[in-house]
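S.K.: My structure is below; once you've seen it, I'll send some questions.
The values are calculated or read from the model by the stated rules, or taken from the named source; none is laboratory data. From a predicted model like this one, the values you see are computed outputs, not experimental measurements. FYI the Cβ positions are ideal-geometry reconstructions off the backbone, even for glycines, and counts take in every protein chain you see. All accessible areas refer to the heavy atoms of the entire protein, side chains included, with ligands and DNA or RNA removed. Shrake-Rupley method; radii C 1.70, N 1.55, O 1.52, S 1.80 Å.
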Amino acid sequence: MPLVILLLLIAATALAAFLWLRVPDLPAAELEARFQSPQDHWLDLGDGLRVHYRDEGPADAPVLVLLHGYGDAYSTWEGWAAALRASDRVISLDLPGHGLTAAPAGTQIDREAQARLVLRLAEALKLPRFVLAGNSMGGGVAWQAALLAPQALRGLVLVDAAGWPMPATTPSLAFRILAHPWGRALLERIDNRPLIRQALRAQVGDPALITDEVVDRWALYQRYPGHRPILMSVAPGAQAPVTAERLAGLQLPTLVLHGELDPILPLEHSRRFAAAIAGAELIVYPGIGHLPQREIPARSAADVAAFVARLPAVP
């Protein structure tokens, strides 16, 4: 077969696959109606930014604010909320480009901007000093917020948190594709369920936990209007890494949680957080991967409840 014909066949096959996988955004109202509960709220912060958050538990209880990782949403914390809302006020929010938060075109994933958004939300809701917890990317946002406004927080919980230089390799095909501009352009337009399934199952100790329902929910959130361009704005490794010197001045009770089998962020990263933040406590979960809040929600939430119970009362 002449080379030119072979190349044309490959191009035609690739185009057909792209057209088959291509999916449009879904109406925001349709997605919000599908997933919202009486505990769901939206806060309009202006300039096209409308932040979704779920608020559960007694209004006058100690406050715990939860931040999800890249591509995830508030729903990653449902297990924690179920375990903690009897005694705590649990607020899980969606960062721009994720879940049910509307963000203006051109928004980019930026750790400091996300941290300032969290602090703006807390101020708008008139929250007392609160415990801030984050997983993966959300963990990076959490320690950044703690550095920006330590006076707003009672404590910090880092769950397989981002911040140190990323490993050179990753088991996630999606992250490898994201490293290339052409890959980001492709993922911005297609149904990403196969990649979501592969990435999530590679991240956890027990792949059976990643059900079709979990994958479908992730994929539907990505089809919220404007989300995919924001998600594809990420440049893996582009965020300035944290340093021990920056963390050394953080005088804040800190709990560090990490799944021993995490293939995305190695255990050594959490050991660095625990060593750099004075008095930080590290708990390692054998057999668990990158998402302890999904993999062992009751056990990890109990560790957080014990940590919160040890904190001084809010004056």
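S.K.: Does at least one position in the range 235-246 carry a residue that is touching a residue at least 40 places away in the same chain (Cβ under 8 Å), open to solvent by less than 30 Å² (accessible area, probe 1.4 Å) and not β-branched (V, I, T)?
M.R.: Within the range 235-246 (the criterion being touching a residue at least 40 places away in the same chain (Cβ under 8 Å), open to solvent by less than 30 Å² (accessible area, probe 1.4 Å) and not β-branched (V, I, T)), the answer is no, since none of the residues qualifies.
S.K.: All but one of (1) modelled with pLDDT of 95 or more; (2) closer than 22 Å to G205 by Cβ; (3) buried (at least 20 other Cβ atoms within 10 Å of the Cβ) hold for I277; which doesn't?
M.R.: I277 satisfies every listed condition except (2).
S.K.: Within the range 208-229, restricting attention to residues that are hydrophobic (A, V, I, L, M, F, W, C) and not in a loop (DSSP other than H, G, I, E, B), which residue is surrounded by the fewest Cβ atoms within 10 Å (Cβ to Cβ)?
M.R.: Just the residues of the range 208-229 that are hydrophobic (A, V, I, L, M, F, W, C), to begin with: 208-210, 214-215, 218-220.
Within this subset, residues satisfying the condition of being not in a loop (DSSP other than H, G, I, E, B) are 208-209, 214-215, 218-220.
Values: A208: 7, L209: 15, V214: 17, V215: 20, W218: 23, A219: 18, L220: 16.
The residue in question is A208.
S.K.: Hey, among P38, P24, which residue is touching a residue at least 60 places away in the same chain (Cβ under 8 Å), surrounded by fewer than 15 Cβ atoms within 10 Å (Cβ to Cβ) and in a loop (DSSP other than H, G, I, E, B)? Full working, then the answer.
M.R.: Working: P38 fails: touching a residue at least 60 places away in the same chain (Cβ under 8 Å).
None of the other options fit; the residue is P24.
S.K.: Condition (residue is within 18 Å of G140 (Cα to Cα), out of contact with any Gly (no Cβ under 7 Å at 6 or more places or on another chain) and hydroxyl-bearing (S, T, Y)) applied to the range 284-304: is it met by at least one residue?
M.R.: No, the conditions are met nowhere in the range 284-304.
S.K.: Would you point out the residue of the range 72-102, among those that are among the polar types (S, T, N, Q) and not in a helix (DSSP H, G or I), that is farthest from S136 (Cα to Cα)?
M.R.: Restricting attention to the range 72-102, the residues satisfying the condition of being among the polar types (S, T, N, Q) are 75-76, 87, 92, 101.
When the remaining residues are screened for being not in a helix (DSSP H, G or I), the result is 87, 92, 101.
Working: S87: 25, S92: 15, T101: 19 Å.
Per the criteria, the residue is S87.
S.K.: Still on this structure: Mind counting the residues in the range 193-207 that are open to solvent by 50 Å² or more (accessible area, probe 1.4 Å) and not in a helix (DSSP H, G or I)? It would help to see each step written out before you state the result.
M.R.: Restricting attention to the range 193-207, the residues satisfying the condition of being open to solvent by 50 Å² or more (accessible area, probe 1.4 Å) are 193-194, 197-198, 201, 206-207.
From what is left, the residues that are not in a helix (DSSP H, G or I) are 206.
Of the residues in that region, 1 qualify.
S.K.: A follow-up question, please. Can you tell me which residues in the range 247-274 are part of a loop (DSSP other than H, G, I, E, B) and open to solvent by 40 Å² or more (accessible area, probe 1.4 Å)?
M.R.: G249, Q251, P253, E260, L261, P263, P266
S.K.: From L255, L282, L231, grab the single residue that is touching a helix residue (DSSP H, G or I) at 6+ places or on another chain (Cβ under 9 Å), at pLDDT below 95 and among the aliphatic types (A, V, I, L, M). Working first, answer last.
M.R.: On the way: L255 fails: at pLDDT below 95; L282 fails: at pLDDT below 95.
Step by step, each of L255, L282, L231 is checked, and only L231 is touching a helix residue (DSSP H, G or I) at 6+ places or on another chain (Cβ under 9 Å), at pLDDT below 95 and among the aliphatic types (A, V, I, L, M).
S.K.: Which one of these does R116 not meet: (1) open to solvent by 40 Å² or more (accessible area, probe 1.4 Å); (2) within 22 Å of Q144 (Cα to Cα); (3) free of Cβ contacts under 8 Å to residues at least 60 places away in the same chain; (4) assigned to a loop (DSSP other than H, G, I, E, B)?
M.R.: Of everything listed in (1) open to solvent by 40 Å² or more (accessible area, probe 1.4 Å); (2) within 22 Å of Q144 (Cα to Cα); (3) free of Cβ contacts under 8 Å to residues at least 60 places away in the same chain; (4) assigned to a loop (DSSP other than H, G, I, E, B), R116 misses just condition (4).
S.K.: Sticking with this structure for a sec: Answer yes or no as to whether A105 is surrounded by fewer than 24 Cβ atoms within 10 Å (Cβ to Cβ) and assigned to a helix (DSSP H, G or I).
M.R.: Numbers: surrounded by fewer than 24 Cβ atoms within 10 Å (Cβ to Cβ): yes; assigned to a helix (DSSP H, G or I): no.
No, not satisfied.
Listed here are the residues, each with its yes/no results for (1) of a type in the set (F, W, Y); (2) open to solvent by 30 Å² or more (accessible area, probe 1.4 Å); (3) assigned to a loop (DSSP other than H, G, I, E, B).
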position: L31; (1), (2), (3): no, no, no
position: L43; (1), (2), (3): no, yes, no
position: V51; (1), (2), (3): no, no, no
position: R54; (1), (2), (3): no, no, no
position: A59; (1), (2), (3): no, yes, yes
position: Y70; (1), (2), (3): yes, yes, yes
